[in-house]
Amino acid sequence: MKVKKKSGINVGLFCAAAAVSLPLILLAPGRATKRQKAPFMGMNFAHRGLHSRDKSIPENSLEAFELASRAGYGMELDVQLSKDGQVVVFHDDTLERVCGVNARVDELTYEELKKLRLCGTEHTIPLFSEVLNTIRGRGPLIVELKNGKRNRELCEKTYKLLSDYRGQVCIESFNPMIVGWFHRHAKDLVRGQLAMPTSYYDKSMKRPMAFLLSHGFTNILCRPQFIAYRIGKKPLTVRLAERMGAMKVAWTSHEPKNEKKNDAVIFEFYKPRVNFK
């Protein structure tokens, strides 16, 4: 009877240990060295470049990145593929909001895309290579890879362009499989998981998946070294991942107070100090 009782206690302890350790395994971030973190810590990053509220300087335009570079800010931008496989800098899946055209970015070739105008200005949709040539290492860069139908191709082409770039760069995505690609193939680049509360995810995404993404349970797929979370209340699980070493990146800030308790801030429509740590 004593043996059975001891065995029962051991099983109970094992189950309790498993119940505690499993969430930690799922949430654990990747490790980044102090040297890897240094270019991004305490930096303010201009969201899609230093664009203006009145859209006279449009988001993700060469002018917006030139102004941000000249001011010394870090920069955040978005990349995706054109129909003919060019890596272009543009945020939305569709062209309607920014260019007034009822079409998807990946439905048009780059020759067709560059004929369009950003927010009614003379500015056009740039290639990622053109943006890199504009920035020229003047400020660290956060590159968001947009989720699409050709994610592997986007990862490979983006990494190829970054491999030839002399400047401080990290990558991020809402899709943990994209972040995971860089975890496997580009360990030299700091990588981050974009996330936000469950209610903010697109209605087309199934609720359970939105919950997993918003709470950091997909970290096991990509081991992000930072978590870029929408400003507001964070789930306990995300805060736990930060306690385990993930850098804290906040988006999108409209006031300097968001520098507090964060390691980096993505901002727009005001001009904060360049460094806050």
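Quick look at the numbers
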quantity: Qualifying position, being farther than 20 Å from Ala228 by Cα, basic (Lys, Arg) and open to solvent by 10 Å² or more (accessible area, probe 1.4 Å), among Lys146, Lys160; calculated: Lys160
quantity: Given (1) closer than 22 Å to Lys34 by Cβ; (2) surrounded by fewer than 15 Cβ atoms within 10 Å (Cβ to Cβ), number of the condition Gly232 does not satisfy; calculated: (1)
quantity: Tally of residues being touching a Ser or Thr at 6+ places or on another chain (Cβ under 8 Å) and surrounded by fewer than 20 Cβ atoms within 10 Å (Cβ to Cβ) across the stretch 125-141; calculated: 3
quantity: Residue identified as at pLDDT 95 or above, over 20 Å from Leu50 (Cβ atoms) and part of a strand (DSSP E or B) among Ile142, Ile171; calculated: Ile171
quantity: Sole exception among (1) under 22 Å from Asn151 (Cβ atoms); (2) open to solvent by 10 Å² or more (accessible area, probe 1.4 Å); (3) β-branched (Val, Ile, Thr); (4) touching a residue at least 24 places away in the same chain (Cβ under 8 Å) for Ile25, by number; calculated: (1)
quantity: Residues of the stretch 21-48 classified as in a loop (DSSP other than H, G, I, E, B) and not polar (S, T, N, Q), total; calculated: 11
quantity: Selection count, the stretch 86-138, where residues are touching a helix residue (DSSP H, G or I) at 6+ places or on another chain (Cβ under 7 Å), under 24 Å from Gly72 (Cβ atoms) and among the charged types (D, E, K, R); calculated: 2
quantity: Enumerated helices (runs of 4 or more DSSP H) restricted to the stretch 192-276, each holding at least 2 residues that are touching a His at 6+ places or on another chain (Cβ under 8 Å); calculated: 236-243
quantity: Tally of residues being open to solvent by less than 50 Å² (accessible area, probe 1.4 Å) and part of a loop (DSSP other than H, G, I, E, B) across the stretch 49-78; calculated: 11
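The values are calculated or read from the model by the stated rules, or taken from the named source; none is laboratory data. Every value quoted in this text rests on a predicted model; they were computed, and no experiment measured them. As a convention, Cβ positions derive from the backbone with ideal geometry for all residues, glycine included, and neighbour counts pool all protein chains shown. For accessibility, only protein heavy atoms count, side chains too; no ligands or nucleic acids. Shrake-Rupley method; radii C 1.70, N 1.55, O 1.52, S 1.80 Å.
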